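To start, the structure under review is shown below, and the notes come after it.
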Amino acid sequence: MKNKGGAAGDKPGFEDGEGSVVAEKLRKEFDGLVAVDDLDLSIRRGTLYGMIGPNGSGKTTTIKIMVGRLKPTGGRARVLGEDVPIVERVADIGYMPQEMAIYTELTVSENLQLFGELYSMKPGPRAEREEELLSMVDLRERRHSLVSQLSGGMKHRVSLACSMIHDPEVLFLDEPTVGVDPELRVGFWQHFTDLKARGKTVIITTHYMDEAVRCDVVGMMRQGRLIAEGKPKELMERTSTSNLEDAFMEFSWRDAA
Ligand SMILES: Nc1ncnc2c1ncn2[C@@H]1O[C@H](COP(=O)(O)OP(=O)(O)O)[C@@H](O)[C@H]1O
Ligand SMILES: [Mg+2]
């Protein structure tokens with residue numbers, strides 16, 4: 001049966017039971033270095049999914065494959081029922097890369113406009129969305145500033161807003177809160193939770209365990225594989241720990257054993 005629950009089910013190929021983001025034996029090697037090691041993953045629609053793991057565990061590489069920036073060495077990846085790189089539903093995907101990918105010689109507002117235009121948004125809805133996002137990232141007063149003149153944290157916030165301008169079905173955020181003030185981080189997380197409540201799928205990588213614990217499902221990556229996955233509470237219960245950091249350590253030991 002086709003998913004009739006909303007926008008995610010409008011196109012053929014996206015079955016009810018299939019996750020929004022799926023990896024099957026996904027593999028990526030760089031000159032013999034295995035960055036993603038036969039990864040299996042299935043993320044359901046409407047999930048706020050946190051990907052955690054040490055530097056080099058393959059989080060960014062996995063996301064880059066999902067958004068079509070990198071070609072896998074093997075296996076299969078599907079987003080919204082379409083094999084990557086997806087063509088038909090490219091406007092249904094949002095991506096905030098770990099490295100900055102905005103135009104520093106343009107203003108904040110011009111960047112948002114440009115990204116909106118790339119996704120063929122009409123001027124009205126685009127302008128409305130711009131206001132909403134400028135509030136979210138607390139940059140209303142800096143809208144006419146050149147990005148090159150902003151602080152690192154502000155640039156990061158512009159990048160986040162640009163990735164969300166077209167209100168995508170699936171949003172990949174690679175360390176979206178690095179360098180963001182704690183106060184503003186709270187606002188971000190409120191926004192991510194709202195997105196999920198609207199049936200969007202949000203995949204976030206983070207180093208902050210206090211953030212990971214707010215995700216519906218956490219996937220723990222180690223050496224290109226998923227070593228544990230579940231609700232934060234379950235992961236702590238399964239390891240008799242009281243925080244995700246300790247739970248991660250425990251799963252790592254078990255994995256290495
Ligand atoms: N373009 C690349 N060329 C060679 N090695 C890479 C490249 N991108 C990533 N790697 C390697 O792949 C592994 C996984 O990296 P990455 O996906 O960035 O991990 P994470 O995002 O979890 O920190 C690391 O060992 C990294 O050095
Ligand atoms: Mg990374």
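Here, each number is a calculation from the coordinates, and none is a lab measurement. Everything numeric in this text was worked out from a predicted model, so none of it was measured. FYI the Cβ positions are ideal-geometry reconstructions off the backbone, even for glycines, and counts take in every protein chain you see.
Both radii were evaluated on the Cα set of region 102-168; the Rg over Rh quotient, with Rh as the Kirkwood radius, amounts to 0.93. Using the alpha-carbon atoms, what tilt in degrees (0 to 90, nearest 10) does helix 123-136 show relative to the longest principal axis of the chain? The helix 123-136 is inclined about 60 degrees to the chain.
With springs connecting C-alpha atoms under 10 Å apart, model the chain as a Gaussian network and identify which of Ser163, Ser20, Ser151 has the largest mean-square fluctuation. Checking each option, the largest mean-square fluctuation is seen for Ser151. Applying the Karplus parametrisation 6.51 cos²θ - 1.76 cosθ + 1.60 with θ = phi - 60° to the phi angles of region 148-158, what ³J(HN,Hα) value in whole Hz is obtained for each residue in order, glycine and proline being reported as x? Coupling constants for region 148-158: 4, 8, 8, 6, x, x, 5, 4, 4, 5, 5 Hz. Across region 146-257, Cα pairs under 8 Å and at least six residues apart give a relative contact order of 18 percent.
The trypsin sites (Lys or Arg not before Pro) found in region 158-257 that occupy coil by DSSP, while having at most 15 further C-beta atoms within 10 Å, are Arg198. The calculated FRET efficiency for Thr193 paired with Ala127, based on their beta-carbon distance and R0 = 30 Å, is about 0.75. Computed over the chain with a Gaussian network model linking Cα atoms closer than 10 Å, the most mobile of Met51, Met66, Met121 is Met121. If we count every other residue with Cβ under 13 angstrom of Arg129's Cβ, Lys/Arg +1 and Asp/Glu -1, where does the sum land? That sum, taken over residues with Cβ under 13 Å, equals -4.
What the phi angles of region 235-245 give under the Karplus curve with 6.51, -1.76 and 1.60, with θ = phi - 60°, is a coupling list of 4, 6, 5, 5, 10, 6, 10, 10, 8, 5, 4 Hz, glycine and proline written as x. Sequentially through region 248-257, phi angles give Karplus couplings (6.51, -1.76, 1.60; θ = phi - 60°) of 4, 4, 5, 5, 5, 4, 4, 5, 6, 5 Hz, Gly and Pro residues having no value and appearing as x.
Note on the chain: with a GNM built from Cα contacts shorter than 10 Å, the maximum mean-square fluctuation among Gly32, Gly224, Gly179 falls on Gly32.
Within 15 Å, Cβ to Cβ, of Asn111, how many net charges do the neighbouring residues add up to if Lys/Arg are +1 and Asp/Glu are -1? Could the numbers behind the result be given before it?
On the way: positive: Arg126, Arg129, Arg140, Arg142, Arg143, Lys155, Arg157; negative: Glu105, Glu110, Glu117, Glu130, Glu131.
Here the count lands on +2.
Working from Cα pairs under 8 Å separated by at least six residues, relative contact order for the chain is 24 percent. Between Arg44 and Asp255, the modelled label-to-label distance comes to 2.4 nm, taking each label 7 Å out from Cα in the direction of the beta carbon. Normalised by the residues of region 102-168, what does the relative contact order come to in percent, with Cα pairs under 8 Å and at least six apart? Relative contact order of region 102-168: 52 percent.
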